[in-house]
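To start, the structure under review is shown below, and the notes come after it.
The values are calculated or read from the model by the stated rules, or taken from the named source; none is laboratory data. In this text, all values refer to a predicted model and were calculated from it rather than measured experimentally. FYI the Cβ positions are ideal-geometry reconstructions off the backbone, even for glycines, and counts take in every protein chain you see. Just the protein is used for accessible areas: all its heavy atoms, side chains included, with ligands, DNA and RNA removed. Shrake-Rupley method; radii C 1.70, N 1.55, O 1.52, S 1.80 Å.
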Amino acid sequence: GAVVSQHPSWVICKSGTSVKIECRSLDFQATTMFWYRQFPKQSLMLMATSNEGSKATYEQGVEKDKFLINHASLTLSTLTVTSAHPEDSSFYICSARGSSLGLGETQYFGPGTRLLVL
Amino acid sequence: AQSVTQPDIHITVSEGASLELRCNYSYGATPYLFWYVQSPGQGLQLLLKYFSGDTLVQGIKGFEAEFKRSQSSFNLRKPSVHWSDAAEYFCAVGKAGNMLTFGGGTRLMVKP
């Protein structure tokens, strides 16, 4: 149980284009989803927190107009990197926190999406 | 503000040897504590967690961790390491309803 998927697993795009990454909780309802960014050999940096049906809360320094987050349902959140540039190349990981009994405060992570902007 | 420190960036152990990965946290109350493992190019897998109760918690893959309030530590241990344990390990701290703060990670290498 508590499986989170991400799609795509990797993407290469041209500079200036937009890329959408999906995060799905497959077997539980996720009231809260988190988006992280991870640079090579570094830890995870929280970008934003999204609650179903409300606007995402962005961490300091994260451009909300560049990294659009939508949490339209209890099983799906999307991150859109708009007008991507090479410096946006990174590993993006989502996590989900469930609302049902037994899942509590634990975040379950997706497998990540590697973005390369040329 | 909460913070997590993993003092060891890299650790190398021989297969079959015991392992301890250190984690120290700074937090104003009793935190929720987690250990995650990340294989190259993959997401994070939860190894174990501590919310309350018994301070020695058992996790998957033979891992355990002990919460020591007096030392603000939550060290991860395994009695006998396998080559497949080679990965990056992250300690994280959080509180109810809020985000997780991750340590910098410890890369474990296993010698045959």
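Report, as an integer, the average count of C-beta atoms from other chains found within 10 Å of each Cβ along B:48-58.
1
In square nanometres and to one decimal, what's the mean projected area of the convex hull around the Cα atoms of the protein assembly as shown?
That works out to 12.6 nm², a quarter of the Cα hull's surface.
First measure r as the distance between the Cβ atoms of A:Asp27 and A:Ala72, then evaluate 1/(1 + (r/R0)^6) with R0 = 22 Å and state the FRET efficiency to the nearest 0.05.
E between A:Asp27 and A:Ala72, to the nearest 0.05, is 0.75.
Note the buried accessible area between A and B here, summed over both chains, with a 1.4 Å probe, in Å² to the nearest 100.
1500 Å²
With no solvent and one point on each alpha carbon, what is the Debye value of log10 I(q)/I(0) for the range A:12-81 at q = 0.14, 0.17, 0.25 Å⁻¹?
For the range A:12-81, the Cα-only Debye profile gives -0.45, -0.65, -1.17.
List the residues of the range A:25-67 whose accessible area drops by at least 40 Å² when all protein chains are present, compared with their chain alone, using a 1.4 Å probe and counting only protein heavy atoms.
With the partner chains in place, the range A:25-67 has these residues losing at least 40 Å²: A:Ser43, A:Leu44.
Return the average number of partner chain Cβ atoms within 10 angstrom of each residue Cβ along peptide B:37-44.
That average works out to 6.
Going through the range A:1-65, which GluC sites (Glu not before Pro) have at most 10 other Cβ atoms within 10 Å and a DSSP loop state?
Counting only loop positions with at most 10 other Cβ atoms within 10 Å, the GluC sites (Glu not before Pro) in the range A:1-65 are A:Glu63.
Ignore the peptide's own chain and count Cβ atoms of other chains within 10 Å of each Cβ in A:110-118; give me the average, rounded.
2
Considering only protein heavy atoms and a probe of 1.4 Å, how much of the accessible area of the range B:1-73 is carbon and sulfur, as a whole percent?
46 percent
Tell me, how many Å apart are the Cα centres for the range B:1-78 and for the range A:52-118?
The distance from the Cα centre of the range B:1-78 to that of the range A:52-118 comes to 25 Å.
What cysteines in the protein assembly as shown have no other cysteine with a beta carbon less than 4.7 Å from their beta carbon?
Taking the Cβ cut-off of 4.7 Å, the unpaired cysteines of the protein assembly as shown are A:Cys13.
Once you put a point 7 Å from the Cα of A:Arg114 and another 7 Å from the Cα of A:Thr17, both along the Cβ direction, what distance in nm separates them?
Rounded to a tenth, the inter-label distance reads 1.8 nm.
Sorted by accessible area with a 1.4 angstrom probe, largest first, how do B:Asp85, B:Asp8 fall?
Reading off the accessible areas and sorting them downward yields B:Asp8, B:Asp85.
Relative contact order for the range B:46-112: what is it in percent, counting Cα pairs under 8 Å that are at least 6 residues apart?
20 percent
If you roll a 1.4 angstrom probe over the protein chains with everything in place, what fraction of the accessible area of the range A:1-113 belongs to carbon and sulfur, to the nearest %?
53 percent
Using a 1.4 Å probe, what is the accessible area per residue for the protein assembly as shown, in Å²?
48 Å²
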